[in-house]
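Undergrad: Sending over a structure as C-alpha cells; questions will come in a sec.
The values are calculated or read from the model by the stated rules, or taken from the named source; none is laboratory data. Because the structure is a prediction, the values reported are computed rather than measured. For neighbour counting, all protein chains shown are included, and Cβ atoms are generated from backbone atoms with ideal geometry for every residue, glycine included. Accessible surface is based on the protein model in full, side chains and every heavy atom, while ligands, DNA and RNA are left aside. Shrake-Rupley method; radii C 1.70, N 1.55, O 1.52, S 1.80 Å.
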Amino acid sequence: MKDRREARTWAEIDLDALAHNYYTLRALLPPECRFLAPVKANGYGHGAVPVAGKLERLGADMLSVACVDEGAELRRAGIRTPILCMGVTPAQLTGELLDLDITQTVEDLESGEALSRQAQSLGRKLRVHLKVDTGMGRLGVYWGDGDHTAAVRELLQLCRLPGLEVEGMFTHFAVADSDEAYTRRQLDRFLEARAALEEQGISLKICHCAASSAVLHYPCTHMDMVRPGIALYGYYPDPEGDRDSCPPLKPVMRLYSRISAVRSMPAGARISYGGTAVLKRDSRLAVLPIGYGDGLPRVLSNRMQVLIGDKLCPVVGRVCMDMCMADITDLPQVRAGDVAQIYGDGLTDRAAAQADTISYELLCRVATRVPRIYWENGVRLD
Ligand SMILES: *Cc1c(COP(=O)(O)O)cnc(C)c1O
C-alpha cells in the first residue's frame with residue numbers, strides 16, 4: 001500500500017487521460033468552436049474542482065454545472081473560467097449568481113422576468129443563455145412543428161428584458177445516440193429558432209446544442225460551442241454503437257478495492273444477505289470492502305465481475321452496504337491485501353449494462369467516502 005487512501009476502496013483519476021480526451025474532441029471541431037466542459041455532479045464523480053482546474057489549464061472556454069452550489073464550489077476553489085448553470089435557479093439567488101459570475105440558463109419568460117427584476121433591483125445585469133426545447137421534453141421554450149409565433153414572441157421578450165444580457169441560446173438532443181432522423185429534426189428546429197431571432201435583428205453570440213453523441217457523430221451540430229461530458233471522461237454515450245468513426249477515448253477513472261480477507265468455503269455454503277448464492281463447489285472467496293455505500297449498485301449482486309490480476313471474477317451473493325464477495329477459486333495465488341479493479345478499462349460499461357444503466361450513473365454514484373487519487377503528467381498528486 002503506497003498511500004493511506006489505498007487502504008480500502010479508492011478511485012484513481014488520470015488527468016492525463018482527461019487531457020487526451022479533451023484534445024481528441026477538440027480535434028473534431030472547427031478552430032473557432034468553443035468548448036464547454038460539463039463538470040456537474042462533482043465532475044461526473046471524478047471530483048469537480050481538480051477536474052475543472054485541469055480543464056481550465058487545458059483551455060476550456062466554459063464549464064457547466066447543474067446548480068448554483070456547484071458553481072460556488074468551483075469559484076471558492078479559484079476557478080475563473082466562465083460557468084454556465086444549466087439547471088433552474090430561483091430568482092432569490094440572482095445576487096449569488098452575479099457575485100459568483102455564473103451565467104444562468106433561462107427556460108421561460110416567467111422565470112426570465114423574475115431573474116431580470118432581481119438583477120435590476122441590484123443595479124446589475126445577469127448574463128444568461130436561453131433554453132429552447134426542440135424535442136427533449138425537459139426545459140425550454142417549446143419549439144415544435146406547428147406555429148412558432150408564440151415561441152418567437154417569448155424569445156424576443158426574453159432578449160429585451162432590461163436585467164438580462166442574453167449571450168447565447170441552446171437546446172439538448174434526446175436521442176443523438178440512436179435516432180438520426182429525430183436528431184436532425186431537433187437541429188432543424190433549433191436553426192429555425194436562431195433564424196427567427198436573426199430576422200428580428202437579434203444575433204446571439206453563442207448558440208450550442210451538441211453533447212457527446214452529437215460531437216462524435218454529427219459535425220453539423222457543432223455550431224458556436226459544444227458540451228461533451230461523458231466523452232471527456234472517456235466513455236462513449238452509446239457503448240454498443242459503431243466505433244469505427246469514433247476517435248479513441250481513455251477512461252479517466254479507475255476504481256479499485258483492496259481485498260479484506262480470503263476465505264475457503266465448502267460447497268453448499270450460502271453467501272451474503274438473503275442466501276441468494278449457494279456455492280456449487282468448494283470455493284475461495286475474496287471479501288471486497290466495497291458495497292452500495294460506496295456507490296456500487298446492489299442490483300449488481302450475483303451479476304458483475306471484478307478484475308483480479310487478469311481474470312474476471314464473479315461477484316457472489318448480494319452486494320452489502322460496505323462489502324461484497326468475489327469468487328477467486330481459480331486464482332489460488334490471490335491473497336488478502338491484493339487489489340481488485342471494479343471500474344475502468346471496459347469494466348464500467350460492462351457493469352452498467354449488467355445494472356441496466358449507463359456509465360454516467362455508475363461514475364456519478366461513486367460515493368464521497370471513496371478517496372480520489374489524482375495523477376498528472378504521469379505523477380501521483382497529493
Ligand atoms: C449533461 C449535459 C450535457 C453533457 O452530456 P453528455 O452526454 O455527458 O455529453 C450537455 N448538455 C446538457 C444540457 C446536459 O445536461
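Undergrad: Sort the stretch 59-180 into rounded, prolate or oblate with this rule: let a ≥ b ≥ c be the square roots of the eigenvalues of the Cα gyration tensor; rounded if a/c is under 1.5, and if a/c is not under 1.5, prolate when a/b is larger than b/c, oblate otherwise.
TA: The shape class here is oblate.
Undergrad: Taking H placed 1.01 Å from N in the peptide plane, check which residues at least 5 places from residue 165 or on another chain put their amide H under 5 Å from its amide H.
TA: HN-HN under 5 Å from residue 165: 126, 127, 128.
Undergrad: Most fluctuating residue of 120, 354, 200 in a GNM of the chain with Cα springs under 10 Å: which is it?
TA: Comparing 120, 354, 200 in a Gaussian network model of the chain, the most mobile one is 200.
Undergrad: Tell me the mean residue ellipticity at 222 nm calculated for the chain from its helices only (DSSP H runs of n ≥ 4, each -39500 (n - 2.57), averaged over every residue, nearest 500).
TA: Taking each H run of at least 4 residues, the total per residue is -8500 deg cm²/dmol.
Undergrad: Something else now. Mark the label point 7 Å from the Cα of residue 200 along Cα→Cβ and return the residues of the stretch 101-129 whose backbone N is within less than 18 Å of it.
TA: Counting backbone N atoms under 18 Å from the label point, the list is 106-117, 128-129.
Undergrad: Another question, if that's okay. Just flag the trypsin sites (Lys or Arg not before Pro) in the stretch 163-224 sitting in loop per DSSP whose Cβ has no more than 12 other Cβ atoms within 10 Å.
TA: 205
Undergrad: Which order do 218, 343 take by accessible area at a 1.4 Å probe, largest first?
TA: 218, 343
Undergrad: At a 1.4 Å probe, what is the % contribution of carbon and sulfur to the accessible area of the chain?
TA: Of the solvent-accessible surface of the chain, carbon and sulfur hold 49 percent.
Undergrad: Using each residue's phi in the stretch 374-382, evaluate 6.51 cos²θ - 1.76 cosθ + 1.60 at θ = phi - 60° and report the 3J(HN,Hα) Karplus result to the nearest Hz, with x for Gly and Pro.
TA: The phi angles translate into 9, 10, 8, 6, x, 10, 6, 8, 9 Hz.
Undergrad: Find the centroid of the Cα atoms in the stretch 189-205 and in the stretch 328-360, then give the distance between the two in whole Å.
TA: 49
Undergrad: Can you work out the Karplus-derived ³J(HN,Hα) for every residue in the stretch 272-285? Use 6.51 cos²θ - 1.76 cosθ + 1.60 with θ = phi - 60°, whole Hz, and x for glycine or proline.
TA: Couplings: 6, 3, x, x, 6, 10, 10, 5, 8, 9, 4, 9, 10, 10 Hz.
Undergrad: At 7 Å along Cα-to-Cβ for each site, give me the label-to-label distance between residue 380 and residue 165 in nm.
TA: 4.6
Undergrad: Would you list 329, 89 from the most to the least accessible area, probe 1.4 Å?
TA: Per-residue accessible area, sorted high to low, gives 329, 89.
Undergrad: Output the antiparallel fraction of DSSP beta bridges having both residues in the chain, as a percent to the nearest 5.
TA: 50
Undergrad: Suppose we keep just the alpha-carbon trace of the chain; what are its Rg and Dmax in angstrom?
TA: When restricted to the Cα atoms of the chain, Rg and Dmax are 23.7, 78 Å.
Undergrad: Here's something else I'd like to know. To the nearest 0.05, how large is the calculated FRET efficiency for residue 367 and residue 124 if R₀ is 35 Å and r is the Cβ-Cβ distance?
TA: The formula returns an efficiency of 0.35 here.
Undergrad: Follow-up question, since we're still on this one. Taking the full set of protein chains and a 1.4 angstrom probe, give the accessible area of residue 129 in square angstrom, rounded to the nearest 10.
TA: 0
Undergrad: Now a separate question. Under 18 Å between alpha carbons: how many lysine pairs meet that in the chain, if sequence neighbours fewer than 8 apart on the same chain are excluded?
TA: 5
Undergrad: To continue, here is another question. Mind listing the long-range amide H neighbours of residue 206? Cut-off is under 5 Å, sequence gap 5 or more, other chains count too, H placed in the peptide plane at 1.01 Å from N.
TA: Here the answer is 168, 169, since their amide H atoms fall under 5 Å of that of residue 206.
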